[in-house]
Amino acid sequence: MITTQLDRKVLSILEEKIQSIKTEMGAIYLVGPINLPVNLDGETVTFKWYSWLQSTELTTDYSQIIEKLSSSNLAEYQQSSVLVYGDFEFNEDALIRMHSICHTGDIFGSKRCDCGYQLKQSMRMMIEHGTGALFYLANHEGRGIGLFSKAMAYVLQENGYDTVEANLNLGFVDDSRNYSDAIHVLKALRTKPVTLITNNPKKMEALKNAGMSVTGRTPLWGDISEFNEKYLQTKIKRSGHLEEGGPLLND
């Protein structure tokens, strides 16, 4: 009896923080906002944090979804999330960043890429701007090939292959990332136009094709070094990234 009462109390708490977003494949379940104090450059800044889960089941009875989670080892699967700063829903102008998870750069601080720098710098930009949202896309590791395949791609890169060549030689396309789930969540959190922090025109195209109003693009280059110069040049030369504010190419 006590367990049943506890279950009802837990469910009532969670129902206040969960919403379902209908998709072509079923639904995305979004939980949040949750206050998340973040240490950024020695200062504590509070963001609002959300996480989402894709499902083929569409229901407003969230107990059905929650009860199934305990029988699934979700730790084996990565879920994406979003950090929101300021009045993201109603502010007239907001920055957003679609950031692909980078285990080596974001967590370990690897200098082989600029991902860790871009993660923190985009958060700084949102705070300075007054509002924004950082979408952290967990299934985008290695441009969508996963961590193990990314490690094999690094082996090839250490033997003279560039990023694109390594992915292609492993049987992957250059970039297999998909932004549809993130855009569904973005539309649930905000209907007003956004400015995208990116050097990648494909991200702009994905937002516009989904019907999102995009007022502009802000480039994000930095932390350029001997370790990632070739990687950054490959982004521009072979993957179509825009060089504005980026590294000088040694042709």
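Is segment 59-75 home to any residue that is closer than 23 Å to PHE135 by Cα and in a strand (DSSP E or B)?
no
Residues in segment 83-111 that are within 25 Å of GLU158 (Cα to Cα), surrounded by fewer than 18 Cβ atoms within 10 Å (Cβ to Cβ) and charged (D, E, K, R): how many?
Residues that pass the stated criteria total 1.
What are the pairs with Cβ atoms under 9 angstrom where one residue, in segment 179-190, is over 12 Å from LEU83 (Cα atoms) and the other, located anywhere, is aromatic (Phe, Trp, Tyr) and surrounded by fewer than 20 Cβ atoms within 10 Å (Cβ to Cβ)? Sequence gap at least six, or different chains.
Going by the 9 Å Cβ cut-off, the qualifying pairs are ARG190/PHE90.
One line per residue, one yes/no per condition, for (1) under 30 Å from VAL31 (Cα atoms); (2) crowded, with 16+ Cβ neighbours inside 10 Å; (3) not polar (S, T, N, Q):
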residue: VAL155; (1), (2), (3): no, no, yes
residue: VAL185; (1), (2), (3): yes, yes, yes
residue: GLY216; (1), (2), (3): yes, no, yes
residue: TRP221; (1), (2), (3): no, yes, yes
residue: GLN233; (1), (2), (3): no, yes, no
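Within segment 57-74, how many residues turn out to be modelled with pLDDT of 80 or more and either over 16 Å from ARG8 (Cα atoms) or under 25 Å from the mean Cα position of the chain (by Cα) (or both)?
4
Which condition from (1) in a strand (DSSP E or B); (2) of a type in the set (A, V, I, L, M); (3) at pLDDT 90 or above is the one that LEU53 breaks?
(3)
Could you list, in sequence order, the residues of segment 5-29 that are under 23 Å from TRP49 (Cα atoms) and free of Cβ contacts under 8 Å to residues at least 24 places away in the same chain?
LYS9, VAL10, SER12, ILE13, GLU16, LYS17
Right, VAL164: in contact (Cβ under 8 Å) with a residue 60 or more places away in the chain and under 19 Å from ARG112 (Cα atoms) or not? Working first, answer last.
Values: in contact (Cβ under 8 Å) with a residue 60 or more places away in the chain: yes; under 19 Å from ARG112 (Cα atoms): yes.
For VAL164, the condition - in contact (Cβ under 8 Å) with a residue 60 or more places away in the chain and under 19 Å from ARG112 (Cα atoms) - is met.
Please work out which residue is modelled with the lowest pLDDT, limiting yourself to segment 175-217 and to residues that are out of contact with any helix residue (DSSP H, G or I) (no Cβ under 8 Å at 6 or more places or on another chain) and among the acidic types (Asp, Glu).
Ranking the qualifying residues of segment 175-217, first place goes to GLU205.
The values are calculated or read from the model by the stated rules, or taken from the named source; none is laboratory data. Since we're looking at a predicted model, the values are computed, not measured. Quick reminder, even Gly has a Cβ in these numbers, built from the backbone with ideal geometry, and neighbours come from all protein chains shown.
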